[in-house]
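The values are calculated or read from the model by the stated rules, or taken from the named source; none is laboratory data. Worth saying up front: this structure is predicted, and the values here are computed from it rather than measured. Positions of Cβ are backbone-derived with ideal geometry, glycine not excepted, and every protein chain shown enters the neighbour counts. The area values use the complete protein model at the heavy-atom level, side chains included, leaving out ligands, DNA and RNA. Shrake-Rupley method; radii C 1.70, N 1.55, O 1.52, S 1.80 Å.
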Amino acid sequence: MRNQFDLLVFDWDGTLFDSVGWIVDCLQRAAHGCGLPIPSDQEAKSVIGLGLMEAMEALFPEYPSEMARRLAEGYRRHYGDRIISADGLFAGVLDLLTELRGRGYRLAVATGKTRAGLNHALAATGTELFFHSTRCADETVSKPNPEMLFQLMSEAGIARERTLMVGDSLHDLRMAHNAGVAAVGVGCGANDLFELAEFDPLACIERTTDLLEILS
């Protein structure tokens, strides 16, 4: 895949930042706080990557939207208990981003996080200057709708055939498929490599840092 792409779009949670276990715990605690059945680890993982309201509605479709708002509030409260820092990035991610920028790639983030949440995460991890542009679920449309990718490609002035999506969840790969964009699945987050292979990505890799090998 050497020289095949100009724009690399990363998911955040589970792809660059090691947070899947914490997200699962916060989703379960939010459900407990609302007196609802506690989702299993796998059920909680299945909604990682969606916007927060979409995730709550997917976990508890039989409840009215008011309950989804209560769940989202509880989730935010629990998630805020974690101190975000560069230590939460997967090992080698800072070196990866540095190398990719040095090679001339344009880097972007497409995430189910809110704008406030992503801005805080970027500042706390010291990664904000690596990315040319970012999109969040609360300012456009949640994955797997392709709108995030369309907006990022338009902003960068880069065609879909020169764009690569890198993500750990089925929602990431579905979004890429819906946008007609190539994808790489990483097995360090919400879904395993067998599940990610369902969307026939260009490659499935164990760690996001393995991306350097396949781009070389």
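Within the accessible area of region 1-80, what % is carbon and sulfur when the probe is 1.4 Å and the other protein chains stay in place?
Working: 1760 of 3630 Å².
The value for region 1-80 is 49 percent carbon and sulfur by accessible area.
Under a 5 Å amide H cut-off, with hydrogens placed 1.01 Å from N, PHE10 pairs with ALA108, VAL109, ALA110, VAL166 among residues at least 5 apart or on other chains.
Of the residues ARG70, ARG106, ARG135, which exhibits the maximal mean-square fluctuation in a Gaussian network model of the chain defined by a 10 Å Cα contact cut-off? In this elastic network of the chain, the residue with the biggest mean-square fluctuation among ARG70, ARG106, ARG135 is ARG70. Computed over protein heavy atoms with a 1.4 Å probe, the accessible surface of the chain works out to 44 Å² per residue. Between 0 and 90 degrees, the angle of helix 147-156 with respect to the longest Cα principal axis of the chain falls at about 30 degrees.
Classify region 93-209: rounded, prolate or oblate, from the alpha-carbon gyration tensor (a ≥ b ≥ c, eigenvalue square roots; a/c under 1.5 rounded; otherwise prolate if a/b is larger than b/c)? Spell out each step's value before the answer.
Details: a/c = 1.30, a/b = 1.17, b/c = 1.11.
In terms of gyration-tensor shape, rounded.
Do you know the relative contact order of the chain, to the nearest whole percent, from alpha carbon pairs under 8 angstrom that are 6+ apart?
Working: 388 pairs, mean separation 56.9, N = 216.
Answer for the chain is 26 percent.
Between 0 and 90 degrees, the angle of helix 93-102 with respect to the longest Cα principal axis of the chain falls at about 40 degrees. Rolling a 1.4 Å probe over the protein heavy atoms of region 93-216, with every protein chain left in place, gives an accessible area that is 49 percent carbon and sulfur. Judged by the mean number of other Cβ atoms found within 10 Å, the most tightly packed of the peptides 168-178, 122-132, 139-149 leads the ranking 168-178, 139-149, 122-132. DSSP bridge analysis restricted to the chain gives an antiparallel fraction near 5%, rounded to the nearest 5. On C-alpha positions alone, give me the angle between the axis of helix 170-179 and the longest principal axis of the chain, in degrees, nearest 10. That helix lies at roughly 50 degrees to the long axis. Rounded, prolate or oblate: pick one for the chain, where a ≥ b ≥ c are the square roots of the eigenvalues of its C-alpha gyration tensor, a/c under 1.5 means rounded, and failing that, prolate if a/b is larger than b/c, else oblate. Note, shape of the chain comes out prolate.
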